[in-house]
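Here is the structure we will look at.
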Amino acid sequence: MLEEQNIEEHEEGCSYLHFGKRTLKQEISFALWTLLWAISVVFCGFFLRSEVLPSLLYWPLLLTPVLLGLFAIKSYYRFVSTADELVRRIQFESMSITFGVTIFVGLCSTTFVAGGMEELSAENIIVLMAVVWSAAQVYLKWKYR
């Protein structure tokens, strides 16, 4: 009887679908900060390229995505540091997959550039990392459900 209760508690604690409200709150906070950061990058880039703003607003506008990015990083750290073991594992494995794919593509692209292909820009690499990380999150959450 006691062994069955321990198994149930262990299984409930290991299921990603049953993680705590605090972890969910931290994950949502991270997602919102990241969304604000991405939106600010797009809008700031648009306004800075259009040159319609007075020069007085140049630096505040330029620093807005930087500050929002720092808040997003802090939010992600808080999310991972308060998460349970399974959530941390999913985050670690997602980052590992993303790192590996990015290194692979980066090294392959240097060979392709030598063969005449256009060099990858920072934006392309960031998009690649975001897509791979998101896909790894979805896959690993499904895998450990």
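Annotations
- Test for Gly20: is it under 29 Å from Val80 (Cα atoms) and small (Gly, Ala, Ser): yes
- The listed residue being modelled with pLDDT under 90 and loosely packed, with under 11 Cβ neighbours inside 10 Å, out of His10, His18: His10
- Subset of region 130-145 [polar (S, T, N, Q) and touching a residue at least 24 places away in the same chain (Cβ under 8 Å)]: Gln137
- Condition broken by Trp33, with the remaining ones in (1) assigned to a helix (DSSP H, G or I); (2) at pLDDT below 90; (3) not small (Gly, Ala, Ser) satisfied: (2)
- Subset of region 98-145 (residues that are in contact with a Phe, Trp or Tyr (Cβ under 8 Å, 6 or more places away or on another chain), surrounded by fewer than 16 Cβ atoms within 10 Å (Cβ to Cβ) and part of a helix (DSSP H, G or I)): Lys141
The values are calculated or read from the model by the stated rules, or taken from the named source; none is laboratory data. Model, not experiment: these values are computed from the prediction. As a convention, Cβ positions derive from the backbone with ideal geometry for all residues, glycine included, and neighbour counts pool all protein chains shown.
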